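Notes follow the structure.
Every read-out reported here was derived from the displayed coordinates using simple, explicitly stated rules and does not represent laboratory data. Bear in mind that the values here come from a model prediction, so they are computed numbers and not experimental data. Neighbour counts run over all protein chains shown; Cβ positions are idealised from the backbone, glycine included.
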Amino acid sequence: MTLPRSRPEPGATRPVECGAMSRPTKFEEFRYVRRIEDGGQHAYVFTAKVDGLDITGCDFLTYDQDGRISEFMVMVRPLKAAQALAARMAERYPAIEQAAAAWTPAPSAGS
């Protein structure tokens, strides 16, 4: 699977879509508020609510020379909201694990 380069604009209401993670998460009022780019390194700051708690986070993406995501990391705060998000993600873990096991990479352009 090739992941497209995604460039959420401030005010966008859709999280970066990434494989099994593209299914709706328990975010409410999700909104990107800032984008920072430095070459192939991108950071997308977002705000949302999880279980009624305000959460602030950042999606960190690294793109390879073909524009595909090669690294993806998410950080969130404050702790109480992060714990609520972790609980919601734990509910989804079996489905994520199943999707990961079924995933096969797309052939590269040179194959």
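Across segment 29-46, in residue order, what do the Karplus-derived ³J(HN,Hα) couplings come to in whole Hz, using 6.51 cos²θ - 1.76 cosθ + 1.60 with θ = phi - 60° and x for Gly and Pro?
After applying 6.51 cos²θ - 1.76 cosθ + 1.60, I find 6, 5, 8, 6, 10, 7, 10, 10, 10, 8, x, x, 9, 10, 10, 10, 7, 9 Hz.
Peptides 55-63, 96-104, 37-45: what's the order by average Cβ count within 10 Å, highest mean first?
Order by mean packing, descending: 55-63, 37-45, 96-104.
Treat the count of other C-beta atoms within 10 Å as a stand-in for reagent exposure and order R77, R35 from fewest to most.
Least crowded to most crowded, the residues run R77, R35.
Give me the Kirkwood hydrodynamic radius of segment 19-92, using the inverse of the mean 1/r over all pairs of distinct Cα atoms, in Å to one decimal.
Across segment 19-92, the inverse of the average 1/r is 13.2 Å.
By how many nm would the segment from A90 to V74 grow when fully extended, if each residue of separation counts as 0.36 nm and the alpha-carbon distance is taken off?
Full extension of this stretch gives 4.2 nm more.
Fully extended, how many nm does the chain gain between Q65 and Q83 (0.36 nm per residue separation, minus their Cα-Cα distance)?
3.0 nm
Apply the Karplus curve 6.51 cos²θ - 1.76 cosθ + 1.60, θ = phi - 60°, to the phi angles in segment 47-54 and return the couplings in whole Hz, x for Gly and Pro.
10, 6, 10, 10, 6, x, 9, 5
Give the long-range amide H neighbours of F46: residues separated by 5 or more places, or on another chain, with amide H under 5 Å away, using H modelled in the peptide plane at 1.01 Å from N.
The list, which skips near neighbours in sequence, is V33, G57, C58, D59.
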